[in-house]
Each structure stands twice: as C-alpha cells, then as structure tokens.
Amino acid sequence: MNVSELNIKVSKTENSRIHPLTKDNLVFGKEYADHMLVCDYKDGEWGTPEILPYGNFSMSPATSFMHYGQAIFEGIKAYRQPDGSISIFRPVDNWKRMNVSAHRMGMPDIPEEIFMEGMRQLIELDAAWVPGEAETSLYIRPFMIAMDEFIGVRSSETYRFAIITSPAGAYYNKPVRIYVQDKYVRAAKGGIGFTKAAGNYGASMLPAAEVKKMGYDQNLWTDAVENKYVQEIGTMNVFFIVDGVALTPDLNSGTILAGVTRDSIITLLKENGITVEERPISMDELEAAHKAGKLQEAFGSGTAASMSFIANLTYKGEQLDLPEVSEWKISPKIKAQLDDIRYGRVDDKYDWRFKI
Ligand SMILES: *Cc1c(COP(=O)(O)O)cnc(C)c1O
C-alpha cells in the first residue's frame, strides 16, 4: 500500500470545542483535540482508517487487552513553527518503535502509511489545536489494543490502532530529586523493557508512589540482576556528564526503551564535540565520580519533558548532590539546541522535522 492508495474516511465534528490555547489553560493530558483516528485490524488485515470526532469507544467487558495487557503506545509532539506552520518531531522513528513493541507483544505491524498519513491528516484537520506560545506543543498519542471479546488466554486476533492528541503547555520542572531503586525493578533481560507496553507503566505506579511519599520525584531504576547498573529514571532515559564525558546506558540488554529524545541528544552531544559512551554504568562508578568531584551534570530525557535536570541521587541512604544547574556547561546548551530544532528556529540538518 502506498500513500496514494490509502483511503482515509473523514467525518468532521459539528461541535468543535476549540478555544484560545494559552499557557495558563493547558493542563497536560486533560483535554483532547476535536478528532481522533481509528483503524481496526481483523482477518489478518487493517481496515480503512477513519478520522472521526473524539469520543468514547464502546466495547465488551471481555475485551482482551483489559485482561491480558496486549496494549502499546507512543508519545510524539507537534510544534508550531515561527511561520505558523506545524512540524512533528521525528514521527517515523516512533512508527518504527511502535512496530518493535507490536512484534514483542505478539501484535500486528502497523503499516507506515496508516501511521504516518493517518497522523498527518489528523493533525492537519486539528491544526488549530497546536498551541503557539513558547514551549507549548500538541502531544500525539498513538496506541494499539487487543480487541477480541474473549477471555481465554491467547493472542488476540483483532486489534484497534488509534491516535488521540492533547495540547500541552510548558513543562516546567525544577531539578528533580532521584531515588536509586534497589527493591523494585522495571525490566529484566528477555522481558519487555525495550517496548512501550502499557504493562511497564502499570508496574511502575506503586514504586513511583512510594518514592514520592519519601520526598523524591522519581526512581532511578537499576538492573534486575545486581541492582547496581543504572537503567532509566521513571519513564525517561538517563544521562550523566562525568568529567566532560556523556555517559548513558547502552541498549544491548533489551531492558531500556530506545528514546527518540535520547538518540537526538546523543547526536547533538557529538556535534558539540562531546564524547558519548553508551555502556553499562554502575552506581559504584557514579559514587566514585561524585567523590572525586567529577559528577558534573545528570538528566532524564523524553518527549514529554524533553530534558529533566537532576538535583541529587539518593543511593542506599547516601545523597549525592550535583552542582547547581547554573554551573552546568553542557546539558542546558544541548536542551536549547534541541528546542531550537523542534520549534523550527534553526536549520533542520538531520531531517528531524516532519512538515504538516
Ligand atoms: C517513552 C519512554 C522514554 C522516552 O522516549 P522518547 O522517545 O524520548 O519520548 C524513555 N523511557 C521509557 C520507559 C519510555 O516509555
């Protein structure tokens, strides 16, 4: 199937809910644009994608994903450009990753045309929902769920792919306090850590709530075998600047989500002449670096917050404080460069912007 053959059925709403989207009235994830895209899979093939007014799904209480968790998603952002046009940041990479998740979860591949052209037409139709103020965006949430009305345990034969969107304000956060988690694990070798599966999130809710109660903002997950090697913070990838070198866990173990932001940051770090090492990083190494005064900067990376700077890490009762962000030489600069590309303020030399 190529784009010209893709037929998308469009039913526009007669009751648009659009209103002025200002920083003050944008609450992330609470409000959805007028339309959604829905495409159903049955008899081994995808049907005609439909764009229709945003609204409830009606389904049986026996619907398979509710019981056995064949549910995956993606997170992407569209940004208003200086000339008023709209660009989506690296969505093809999200399409590829969604199919990596689909494969591991025994779900069907989503054709590129349905994902990309469906998203393009949806954003074009709901263009008014892409806010324009500084640091705002339209969050795009593609997802797929298993739809069989059957509670026997087996892979579903029917699926629904859908895309909803939500206008997002600026994601302010002050540097975060991190708890190095050595009781719960997020992912083990051979598991589904590298997928954006709903179940990964479900399993993270209790540990997240527990560390919040203790006064921390997020977990830093460690490996499932030795609880020693760092993995991700919350639902973000993690980077450390040690003695001018950028360190981030490698993806070889299959326990880490291959973030599009992570990849973009690695590219920009290298462009800035900074050495990037993707390899196992132990807490012992970070502690030693901290003791030697070489743990200079640390941050989480992901589409929602872009970069989230770390104030301190608490490991086995010891708090490792990082220098004040105002002293950081590398991460704030990379964040500014990344934002400039997203918001169309500089040339798109890596071809990361997908124009609507
Ligand atoms: C989505 C996600 C990330 C960040 O990925 P991006 O593509 O940069 O948004 C990192 N870790 C986990 C566990 C995630 O689910």
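The values are calculated or read from the model by the stated rules, or taken from the named source; none is laboratory data. Small disclaimer: the values here were computed from a predicted structure and weren't measured. Glycine also receives a Cβ, built like all others from the backbone with ideal geometry; neighbour counts cover every protein chain displayed.
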Qualifying position, being farther than 14 Å from Y139 by Cα, modelled with pLDDT under 95, basic (K, R) and not assigned by TED's automatic domain parsing to the domain that holds A198, among K23, K30, K12: K23
Restrict the check to segment 104-116 and report whether at least one residue is of a type in the set (A, V, I, L, M, F, W, C), crowded, with 22+ Cβ neighbours inside 10 Å and closer than 27 Å to D347 by Cβ. yes
Name the single residue that is farthest from R177 (Cα to Cα) among those in segment 292-306 being in contact with a Gly (Cβ under 7 Å, 6 or more places away or on another chain) and either of a type in the set (S, T, N, Q) or not in a strand (DSSP E or B) (or both). T303
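Out of all the residues in segment 248-265, is one or more among the aliphatic types (A, V, I, L, M), away from the ligand (no atom under 13 Å from the Cβ) and outside the structural domain of D109 (by TED's automatic domain parsing)?
No, because not a single residue in segment 248-265 is among the aliphatic types (A, V, I, L, M), away from the ligand (no atom under 13 Å from the Cβ) and outside the structural domain of D109 (by TED's automatic domain parsing).
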Cβ-Cβ under 7 Å, sequence separation 6+ or interchain: first residue in segment 259-275 and more than 15 Å from F299 (Cβ to Cβ), partner within 11 Å of the ligand (Cβ to nearest atom). Which pairs? V260/R90; V260/D93; V260/N94; V260/T303
Hey, which of the strands (runs of 3 or more DSSP E) in segment 86-170, taking only ones fully inside, have at least 2 residues that are of a type in the set (S, T, Y)? 137-146, 159-168
Taking segment 230-247 and keeping residues within 19 Å of Y315 (Cα to Cα) and away from the ligand (no atom under 14 Å from the Cβ) leaves F240, I241, V242, L247
